[in-house]
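Contents: one structure, followed by commentary.
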Amino acid sequence: MTGKERIARILRREPVDRIGIHEHFWGDTAKGWKDYLNGEGNLERFWDLDVCECWPLNLVADLDAGSVIVAEDENTATYYDGNRATLRKHKFKDGTPEHVDFFVKDRENWEAWAKPLLLAGALDRRINYAAYEQSRQIANEDGRYFVLSGVNVFELMTYLCGHENLLAGMALDPEWVADMVDVYSRMIVEAQTRLIEKSGLPDGIWFYDDLGYKEHPFLSPGMYDELVLPGHKRTMDFAHALGLPVILHSCGFVEPLVPGFIEAGVDCLQVIEIKAGMDLLKLQRLYGDKLCFMGGIDARVICSNDKALIDAELEAKIPVMKQGGNFIIHSDHSVPPTVKPEIFRYYLERAAALGKY
Amino acid sequence: MSTEILANLSLAVQKGRAKDVEALIAQGLAEDFTAQQLLEDGLLTGMNLLGVRFKNNEVFVPEVLIAARALNKGTLLLKTQLVEEGVKPIGTVVIGTVQGDLHDIGKNLVRMMLEGSGFQVIDLGVDVAPETFVEAVREHKPQIVALSALLTTTMGSQRGVIEALEGAGLRGTVKVMIGGAPITEAYANEIGADAYTADAASAAQMAKSLVAA
Ligand code: B12
């Protein structure tokens, strides 16, 4: 059975040969494993994972912004990105730039600046057709389940306004946030429509929206239902209308939001972050009849590089999860370079053996 | 003079209603409440109640953010009056996110809760070098230094700050509180911090008991 068939069948709850297997890696992991990978740059192929992803959409407000330097000193450069977020980057150190400020803090600059730019058309320039077509072809050749990936409304709004402005806005001016959700979710649907018409269907759609952190969701279930769910529902209804299942990624503790996710149309919930307080087996008990799960294997255990600990983690989770026929194994976030590749191979082999039907 | 105003003030903070806070403070001062009463029995009581509900997952970040804004508005309006009444902050805290780390939502909530509990807070921002903490301690003479770290790779910088304070001969003058998602009580003990708490409301309570001790 190919990964493509396996994942399609798991998401439809049809019998398969074994549980699904997928993983994400830190950027540095491939570098650290260079010798072991023996020149293979495609980790999905090297480890024969079941899924192949492509991220072809760009929903930044100003496509032509580039990065405009606004201030500079000896060590740092401060610049605007396409969302007019002010970022500061170290000139001599690698790493994520610091968010200094956001231009869109409330309704005013959303309406005056971001919204008109987002609605200005030029949708074709936001879509990387070539990358999608190439990825789709490789996935087909390799027999992997091909997903069209992208961020959803919450994440897009945090890029534009930052978490604090957005979360305060949700409480102070919910109509403003509802308008952003409306605009972004329409854009997602329009861009995906265009892409799929021109370059063909994927096997599924994978949305990323980080709605939680350690032990808490960012917002209450009530606020999720009122403000974010309409955007999730619109984008997920679109996928379902094309017969495509939807995977939703969220970091953090989002258990209280799961009923809302189900209402929005999520078919598979991904990453189930154990260290943030998520409980895979509990979720299976509560929602296993309505959702598939991908994730929930404690990355700290994989990082221990200790086979006995890995065995214990897999034996505690796989036999229970596999009974549901709704499980794709994945760490609870991603695999860092400190994991030895030999250990990662051991982990995958054990998972496949324990997950066999 | 009816104490209803104080209860309403507390409620207005909990609901994040800055306009109501403004009106109630004007009314309270007109009715001869002291600024200290309005602050402590109205505004701060509200913030503390909300802090507990935040900890219990009854309210979430949006509600706390707008409550903090309403509280700030209130304390600003009371500022001159408080000085006239001779009310002093209960202590000074220097806070920052440690070097290499840019996460500040949690640190900001801790700052707001500390301010809400009557502390003067000097916020050094994010990606703060150990030397910068040392300089700030020299300059502001705080009772407490509060360090936030969200990355397993930057947790070590909290130890770095403690060592820098030791090196500068200032460790004995301050209590060090640490926090952030990957931090645990055990880690706080290991690096010789004085206190750890898991959330912002408990951080403010802990800070109070540290200055009282
Ligand atoms: C929002 C977020 C971001 C935002 C930050 C925005 C901002 N202005 O802060 C952005 C997108 C910029 C970001 C960037 C990155 N992030 Co980040 N981020 C998060 C996320 C989702 C939430 C953090 C948060 O704000 N929580 C809400 C606040 C309220 O909670 P809190 O910070 O924990 O604070 C509470 C308590 O901890 C406590 N507290 C906090 N500080 C203090 C201090 C004291 C003294 C005390 C007593 C208490 C206390 O009180 C607070 C309130 O109750 C977490 C997920 C998570 N599980 O935490 C990841 C997370 C922390 N990020 C992570 C990573 C990897 C990154 C990046 C490296 C990603 C990348 N590759 O670019 C960069 C790092 C940039 C840098 N150098 O710092 C990882 C860290 C993993 C690890 N092993 O360390 C996490 C855990 C995500 C994950 N699942 O892997 N991130």
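Every read-out reported here was derived from the displayed coordinates using simple, explicitly stated rules and does not represent laboratory data. All figures in this text were calculated on a predicted structure; none of them were measured in a lab. Reconstructed Cβ throughout: ideal geometry from the backbone, glycine too, with neighbour counts over all protein chains shown.
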Unit charges on C-beta of K, R, D, E only; dipole of the stretch A:135-229, Debye: 400 debye
Value of relative contact order over chain B, rounded to a whole percent, pairs C-alpha under 8 Å and six or more apart: 18 percent
Sparsely packed trypsin sites (Lys or Arg not before Pro) within the stretch A:53-144, loop by DSSP, other Cβ within 10 Å at most 12: A:Lys91, A:Lys93
A:Glu215-A:Ser334 FRET efficiency (beta carbon distance; Förster radius 25 Å; 0.05 resolution): 0.80
Burial ordering of A:Arg285, A:Arg186, B:Arg69, fewest other beta-carbon atoms within 10 Å first: A:Arg285, A:Arg186, B:Arg69
Those GluC sites (Glu not before Pro) in the stretch B:35-122 that DSSP places in a loop and that have at most 14 other beta carbons within 10 Å: B:Glu58, B:Glu85
Partner chain coverage, peptide B:61-71 - average Cβ within 10 angstrom: 5
Least to most buried among A:Ile69, A:Ile21, A:Ile196 (fewest other Cβ within 10 Å first): A:Ile69, A:Ile196, A:Ile21
Charge dipole magnitude, Cβ of K and R +1, D and E -1 - the protein assembly as shown, Cα centre, debye nearest 20: 800 debye
Cysteines in chain A lacking a second Cys C-beta under 4.7 Å: A:Cys52, A:Cys54, A:Cys161, A:Cys251, A:Cys303
Paramagnetic label zone (point 7 Å from Cα along Cα-to-C-beta, A:Ala122; backbone N under 12 Å) in the stretch A:73-112: A:82-83
Degrees between helix B:61-84 axis and first principal axis of chain B (Cα, 0 to 90, nearest 10): 70 degrees
The stretch B:58-213, dipole about Cα centre (Lys/Arg Cβ +1, Asp/Glu Cβ -1), debye to the nearest 20: 360 debye
Per-pair calculated FRET efficiency, R0 = 25 Å: A:Gln323 and A:Tyr346 via Cβ, rounded to 0.05: 0.55
Convex hull volume per residue for the stretch A:251-357, taking Cα atoms only, in Å³: 90 Å³
Inter-site label distance for A:Glu197 and A:Glu263 at 7 Å from Cα along Cβ, in nm: 3.3 nm
Size of chain A as Cα extents on the principal axes (Å, biggest first): 57, 47, 42
Packing-based order for B:159-166, B:183-190, using average beta carbon neighbours within 10 Å, highest first: B:159-166, B:183-190
Translational diffusion of the stretch B:92-212, µm² s⁻¹ [Kirkwood Rh, Cα pairs; Stokes-Einstein; 25 °C; 0.890 mPa s]: 180 µm²/s
For the stretch B:1-86, alpha-carbon Rg over 2.2 N^0.38 Å: 1.03
Efficiency of FRET from Cβ geometry, B:Ala198 and B:Glu84, R₀ 30 Å, rounded to 0.05: 0.20
P(r) histogram, all alpha-carbon pairs of chain B included - 10 Å bins from 0, percent: 9, 34, 32, 18, 6, 0
